[in-house]
Every structure is written in C-alpha cells, then in structure tokens.
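Undergrad: Okay, handing you the structure first.
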Amino acid sequence: MSTTVVNTGTEGKTWGGGNKPLNASYGKMMMWFFIVSDALTFSGFLAAYGFSRFKFIDSWPIADEVFTHFPFLHGVDAPMYYVAFMTFVLIMSSVTMVLAVDAGHHLNKAKVTIYMFLTIIGGLIFVGSQAWEWNTFIKGDYGAIQTKGGNILQFGKYVEKEGEQVFKRVALRDFAIAEETYRAEHGRKDGLWFVQEGTLPTYTVDEVIHGFEAHDNVLVRTQIINEAGEKTVLSRGESLKLLKENGRTVVEGANLHVNEYGSPLFADFFFFITGFHGFHVFSGVIINIIIFFNVILGTYERRKNYEMVEKVGLYWHFVDLVWVFVFTFFYLV
Amino acid sequence: MAHEHKLEIFRGLVKFKSNTQKIWGVLIFLTLVTIVEVALGILKPDVLMRQVLGMKALNWIFIILTIVKAYYITWDFMHMRDETKSLRRMVVWTAIFLILYLIFILLQEGGYVFDVYKEGYVKRDF
C-alpha cells in the first residue's frame, strides 16, 4: 500500500477534493432540491387554477361568499376569519419548528422535545380545521338550481339594512314547497348490480319553481359578475322565465361534478389543491412524530447532531410556504 | 457545531440579539402582514378596486404581500439567509424562472379561451 500514490499535487486547490462549494450536507441539499421540485408541482396546480379562472373570469365564484363559516358560530357571516386562523396556526407551528431547530443547534434535548411536540399539535389542529372546512363546503349552505347549460342560479331577496337595500341569500328550504313525489333513489338492488346513483337532492326543480312562484320577493342571481364586482340579480319576470326554460337539476353543496357556488371547476381545484396540501401536512405530521420519538429516545443526543430535525424542519416550513400561496390565490385574490 | 446566523432583517434596519429573538420578530412581522391581508380582503376599499395592469389594484397588493411573506419564511425560518450564495441561487432562481414562465403561458391561454367564449363562438348562456 505504501507505494500507492496518494498525493495528486492539487491539495488545497479548487479541484483538490474536500471542497464544499455549497457548504451544506448531502441530506440538507437533497431536501432543498426535493422542495424545489415539489414547489414546481404546486405551482403547476395553482397556475392551472389561474388558467381555469381566467377562462371564466366573468363568472368565477367570489371566495368571500363561499367560505363564510366559523365553527360554533352558526349563521354568523364571517368571511375568511377561519382561514386566517388556520394560516396563523400553521405559521405558529412553523415558529415552534424553527425554535426546535435552534434548540437542536444548542444540543438542548428537553427544549427540542417540547417544541417538536407543539409543532405536531399545530399540524393536527390545521389538518382538523381543513377537514371541517371541506365538510362545510361539501354540505353547502343555500342550495341552487343548475341550468341545462351547466350554469348555476342562486336565490335571494332584497332586505332593508341600515337604510339600504341589500341582497340577502335565501336557502331552498326556506321557500321551496315540498310535494309528494314518486322518484326514488336508484340503488344496486333495483337493476344491474353495478348501476347506482348518488343521493337525490331534497327538492325537485318543480318544487323549487312552485315555491318561487308563491314567494314574490325571491329573485334569481346568476353567475355573471357585473361592473360593480357583484353577481347579477335578475328581475322577477326574467328569473321565472330562466327557471322554467333552463332549470334542470337542484344542487345542494359541492362535489367533483356540481357546485352550488358556481363553476364546478372551482370545487374541483379546491378539493385537489387543498387536498394535496392537506396530504403534505398530514405526512409532515407523521414524519415529525417519527423524529419526535427519535429525539425522546436520544438518537440525536448520542449522534451529537440534531440535523435530522433541521431537515424535517425544512419540509415543514415548505408546507407552510405553500399554504401562504394557497391562501392568497384561493381565498383573497 | 458552531452555527452562524445572520441576525439582521430589513437590510440591517432591525438587528436582533439572538436567533430566537429573530424568530419571534419575524413571527410578529408575518402576523401583521396576514392581518393586513385579511382586513383588506374584508373591507375592500373602493380606491383599490381600480384596474391596474389588467388586475384589481387590491389583487396586486395581495400578491406582493404574499411574496414578502414567502421571502421571510424562506430566508429566516428555512435559514436561506445563512446558506451560501450558490445554493440560494440554485434553489430560488430555478423555481422563480420556471414558475413565471408557466404562469405567463397558462394565464395568456386562459384569457384567450375566455375571448373565444365571449365572442360567441361557444354558446354558454342557457
């Protein structure tokens, strides 16, 4: 072995080996590159959302009117407060994460444990909130009629509020007249075993039209956004004509096919983007739990190095970063 | 394991004594920005509803504030401020270039499809 040449004459020079131009460990660098590729995936989704929105720019749902609920405050109009709360929870858990990383640099096991625990709790609160948000969105609020062309007709009436005439939404259950119908849900037991249909809406189109005729203050609101940035409200005559000529199905809530708030694409992208993000948060929580147990077991204490905490920290912050963009493009803009 | 942290934000305007203090400082800043965003989103001041460069002025403000937030999350929470210049550029410039390119193409195309619908080539008002 002693005859092996070990000197290349380039020690200390740029290509002499042992040179670390990025000054980052392999794991950290790869986490950064994974984040870049994941960021591109999310931008792909958000840009596709932008594409669909620009396609229907004059009829896209207004987010303030869609996400108006707050847990335990039923019937209170609270646009965006809950999403703002969720954003704050996620930023807060990002802070506890970075505090855990900082404590790791000081090899302080007790502090890392506490901060990791708080981060996991924050993540769970966020995922839970998102589940609640989905549930509210799927169940819907007022109900609407979908026309033959796939447009959504919503209902409302003008009410006096502080001396002004304000348009207030009216739910189908408040004016539709229930009649006796013989239409039953088609299940697997009724015909071919592989043919079935989804849950039928509470009312039929005829019941809604009859209810509409009986309440002469109810008006139809279309999807089209006018110059004032509000949805167009039709007159009584126009409303009835449109309902009778084009009304085809009753829509309650939202799923991948129909959406009582407007374009079905809005619901599709909502489920897909927040779902993909929620999946990231969920897997982040799982990874955080694994690291949390490793911290408790003293794995990194023995290693004298808490870099693993730093790496999952990068992932966790990235999830927060994505939410900042989702928040802006889904709820604010 | 000596970890050097740069403790200045806002180009040296605010300087913190320790990394922990910087984290809380950045949290306060991010919270303020979020509060401003939500307040603007609820109030929707008429002044900001004017069209600027093809979009409402308010929407531009939202997008700028979002990028500001993203900057501080990346730079201070993800410690990008402490990484070498080459790693920083590799990650940030690659992503920014590709994302801007994609956004430009898709939004351009979306606007075009909207025009096709609007000019009456496709009937949608039924």
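Undergrad: Which condition does B:Arg50 not pass, out of (1) within 8 Å of chain A (Cβ to nearest Cβ); (2) within 20 Å of A:Thr328 (Cα to Cα); (3) of a type in the set (Lys, Arg), if it passes all the others?
TA: (1)
Undergrad: Residues in the stretch A:56-81 that are surrounded by fewer than 20 Cβ atoms within 10 Å (Cβ to Cβ) and in a helix (DSSP H, G or I): how many?
TA: Number satisfying all stated conditions: 3.
Undergrad: Evaluate the following for A:Tyr142: is it under 19 Å from A:Phe67 (Cα atoms), among the hydroxyl-bearing types (Ser, Thr, Tyr), touching an Asp or Glu at 6+ places or on another chain (Cβ under 9 Å) and open to solvent by 20 Å² or more (accessible area, probe 1.4 Å)?
TA: yes
Undergrad: How many residues are farther than 30 Å from A:Val295 by Cα, open to solvent by 40 Å² or more (accessible area, probe 1.4 Å) and touching a residue at least 60 places away in the same chain (Cβ under 8 Å) when one looks only at the stretch A:102-139?
TA: Of the residues in that region, 4 qualify.
Undergrad: When the residues of the stretch B:81-93 are filtered to those that are facing chain A (nearest Cβ under 7 Å) and β-branched (Val, Ile, Thr), which remaining residue is nearest to B:Phe10 (Cα to Cα)?
TA: Result: B:Thr84.
Undergrad: For the stretch B:35-58, which residues satisfy the criterion of being among the polar types (S, T, N, Q) and either touching a residue at least 12 places away in the same chain (Cβ under 8 Å) or surrounded by 13 or more Cβ atoms within 10 Å (Cβ to Cβ) (or both)?
TA: Of the residues in the stretch B:35-58, the ones among the polar types (S, T, N, Q) are B:51.
Hits for the stretch B:35-58: nothing passes.
Undergrad: Let me spell it out: the conditions are (1) modelled with pLDDT of 90 or more; (2) in contact with a Phe, Trp or Tyr (Cβ under 9 Å, 6 or more places away or on another chain), and B:Gly41 meets all of them except one. Which number is the exception?
TA: Looking at each condition in turn, B:Gly41 falls short on (1).
Undergrad: Among (1) out of contact with any strand residue (DSSP E or B) (no Cβ under 6 Å at 6 or more places or on another chain); (2) away from chain B (no Cβ under 14 Å); (3) assigned to a helix (DSSP H, G or I); (4) aromatic (Phe, Trp, Tyr), which single condition is A:Tyr182 missing?
TA: Looking at each condition in turn, A:Tyr182 falls short on (3).
Undergrad: Taking the conditions exactly as written (farther than 30 Å from A:His277 by Cα and either among the β-branched types (Val, Ile, Thr) or open to solvent by 40 Å² or more (accessible area, probe 1.4 Å) (or both)), does A:Tyr203 satisfy them or not?
TA: no
Undergrad: Looking at A:Asp190, is it open to solvent by 70 Å² or more (accessible area, probe 1.4 Å) and farther than 30 Å from A:Ala84 by Cβ?
TA: In short, yes.
Undergrad: Additional query: Would you point out which residue out of A:Thr113, A:Thr202, A:Thr181 is β-branched (Val, Ile, Thr) and modelled with pLDDT of 90 or more?
TA: A:Thr113
Undergrad: Within the stretch A:4-22, identify whether any single residue is within 11 Å of another protein chain (Cβ to nearest Cβ), in contact (Cβ under 8 Å) with a residue 12 or more places away in the chain, of a type outside the set (Ser, Thr, Tyr) and open to solvent by less than 60 Å² (accessible area, probe 1.4 Å), and answer yes or no.
TA: Here is the first cut: in the stretch A:4-22, the ones within 11 Å of another protein chain (Cβ to nearest Cβ) are A:20-22.
With the extra rule that they be in contact (Cβ under 8 Å) with a residue 12 or more places away in the chain, the set shrinks to none.
Looking for residues that are within 11 Å of another protein chain (Cβ to nearest Cβ), in contact (Cβ under 8 Å) with a residue 12 or more places away in the chain, of a type outside the set (Ser, Thr, Tyr) and open to solvent by less than 60 Å² (accessible area, probe 1.4 Å), one finds none in the stretch A:4-22, hence no.
Undergrad: Here's something else I'd like to know. Looking at the structure I just gave you, is A:Thr96 touching a helix residue (DSSP H, G or I) at 6+ places or on another chain (Cβ under 6 Å), touching a residue at least 60 places away in the same chain (Cβ under 8 Å) and in a helix (DSSP H, G or I)?
TA: no
Undergrad: Among the residues of the stretch B:111-124, is any free of Cβ contacts under 8 Å to residues at least 40 places away in the same chain and in contact with a Ser or Thr (Cβ under 8 Å, 6 or more places away or on another chain)?
TA: No, the stretch B:111-124 contains no residue that is free of Cβ contacts under 8 Å to residues at least 40 places away in the same chain and in contact with a Ser or Thr (Cβ under 8 Å, 6 or more places away or on another chain).
Undergrad: Next up: Of all residues in the stretch B:10-27 being in a loop (DSSP other than H, G, I, E, B) and within 14 Å of another protein chain (Cβ to nearest Cβ), which is most open to solvent (accessible area, probe 1.4 Å)?
TA: First, pick out the residues of the stretch B:10-27 that are in a loop (DSSP other than H, G, I, E, B): B:10-13, B:16-18.
In the following step, the residues that additionally are within 14 Å of another protein chain (Cβ to nearest Cβ) were identified as B:16-18.
Details: B:Phe16: 39, B:Lys17: 174, B:Ser18: 45 Å².
By that ranking, first place goes to B:Lys17.
Undergrad: Quick one: which residue in B:Ile105, B:Ile96, B:Ile61 is surrounded by 16 or more Cβ atoms within 10 Å (Cβ to Cβ) and either under 28 Å from A:Thr41 (Cα atoms) or at the interface with chain A (Cβ under 9 Å from one of its Cβ atoms) (or both)? Full working, then the answer.
TA: Details: B:Ile105 fails: surrounded by 16 or more Cβ atoms within 10 Å (Cβ to Cβ); B:Ile96 fails: surrounded by 16 or more Cβ atoms within 10 Å (Cβ to Cβ).
Just a single option satisfies the conditions, and that option is B:Ile61.
The values are calculated or read from the model by the stated rules, or taken from the named source; none is laboratory data. In this text the structure is predicted, and so the values were computed from the model without any measurement. Note that each Cβ is placed from the backbone with ideal geometry, even for glycine, and that neighbours are counted across all protein chains shown. Ligands, DNA and RNA are excluded from the accessible area calculation, which covers all protein heavy atoms including side chains. Shrake-Rupley method; radii C 1.70, N 1.55, O 1.52, S 1.80 Å.
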